[in-house]
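Down below is the structure, laid out as structure tokens.
The values are calculated or read from the model by the stated rules, or taken from the named source; none is laboratory data. Since the model is a prediction, treat every value here as computed from it, not as a measurement. Quick reminder, even Gly has a Cβ in these numbers, built from the backbone with ideal geometry, and neighbours come from all protein chains shown. Side chains included, ligands, DNA and RNA excluded: accessible areas come from the protein's heavy atoms. Shrake-Rupley method; radii C 1.70, N 1.55, O 1.52, S 1.80 Å.
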Amino acid sequence: SQQGEEDPQALSIQEGENATMNCSYKTSINNLQWYRQNSGRGLVHLILIRSNEREKHSGRLRVTLDTSKKSSSLLITASRAADTASYFCATSTYGQNFVFGPGTRLSVLP
Amino acid sequence: DGGITQSPKYLFRKEGQNVTLSCEQNLNHDAMYWYRQDPGQGLRLIYYSQIVNDFQKGDIAEGYSVSREKKESFPLTVTSAQKNPTAFYLCASSIGTPDFYEQYFGPGTRLTVT
């Protein structure tokens, strides 16, 4: 299985702090994607990082990918209350569908 | 506005009844997907379709059926054969396969069967 597994399961921080969550997977991948889900809503795509890339940025988001360790991290800098959500990594290999991990629940306290 | 719509947002059914969840997209995407999400868990793939009039089973297809008669529509029927149908159902679409493209999600339908 190439299942992504996020860590930690839950994270609680103060507004303005940075939040880091990790994703580990088991087999080789083509790309890894991070999604956000607000409570009771659909998922929103954040970043796609390909297997030949090591780091990508989008606004306050920074994603790294270490294929030798089969892991990725999502860093949210200067967090805001609006960042409170669940964050999922989804891995994919050639011709295969996504496998989503169980997610990290982030709470940003004002 | 371009996007994916799912209706209804909440759905209640009695055990033993079939129910159909609607999913429509106006993004002109070829691929469409149905996922199931249980509390505190990730998404599991039920069915997917890469092209009109063709669809494939995902990881948990038993007790579900789909059709793809139009590019923009991919309805999901939860049949009475599904043993534990109460869940949050998410529809998604994509330009192409997940190994290259991101997926766009609808707002979801929460199905409760009693």
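Just a few scattered comments:
- Shown for region A:90-110: residues covered by the partner protein chains by 40 Å² or more of accessible area relative to the chain by itself (probe radius 1.4 Å), namely A:97, A:98, A:100.
- Accessible surface buried upon A-B contact (total; probe 1.4 Å; Å², nearest 100): 1700
- Residues whose placed amide H lies under 5 Å from that of residue A:47, excluding near-sequence neighbours: A:34
- Carbon plus sulfur fraction of accessible area for the protein assembly as shown, probe 1.4 Å, in percent: 46
- Nonlocal amide H pairs with residue A:42, under 5 Å, H built at 1.01 Å: none
- Kirkwood radius for chain B, taken over all pairs of different Cα atoms as the inverse mean of 1/r, rounds to 14.0 Å.
- Accessible surface calculations at 1.4 Å, restricted to protein heavy atoms, place the protein assembly as shown at 48 Å² per residue.
- For region A:1-57, alpha-carbon Rg over 2.2 N^0.38 Å: 1.28
- Per-residue Karplus couplings for region A:8-21, computed as 6.51 cos²θ - 1.76 cosθ + 1.60 with θ equal to phi - 60°, are listed in order as x, 6, 9, 9, 10, 9, 8, 3, x, 7, 8, 10, 10, 10 Hz, Gly and Pro entered as x.
- In sequence order, region A:49-60 has phi-based couplings of 10, 8, 5, 9, 10, 10, 8, 9, 10, 8, x, 8 Hz under the Karplus curve 6.51 cos²θ - 1.76 cosθ + 1.60, θ = phi - 60°, and Gly or Pro positions carry x.
- Under 10 Å, Cβ to Cβ, from residue A:40 - net charge with Lys/Arg +1 and Asp/Glu -1: +3
- Total charge dipole magnitude, chain B, about the Cα centre, Cβ charges on Lys, Arg, Asp, Glu only, Debye to nearest 20: 460
- In sequence order, region B:78-85 has phi-based couplings of 9, 8, 5, 6, 6, 6, 9, x Hz under the Karplus curve 6.51 cos²θ - 1.76 cosθ + 1.60, θ = phi - 60°, and Gly or Pro positions carry x.
- Descending Cα extents along the principal axes, the protein assembly as shown, whole Å: 48, 38, 36
- With contacts taken as Cα pairs under 8 Å at a separation of at least 6 residues, region A:34-110 carries a relative contact order of 26 percent.
- Of all beta bridges that DSSP places with both ends in chain A, some 90 percent have antiparallel geometry.
- Stokes-Einstein D (µm²/s) once Rh is taken as the Kirkwood radius of region A:20-110 over alpha-carbon pairs, at 37 °C in 0.692 mPa s: 245
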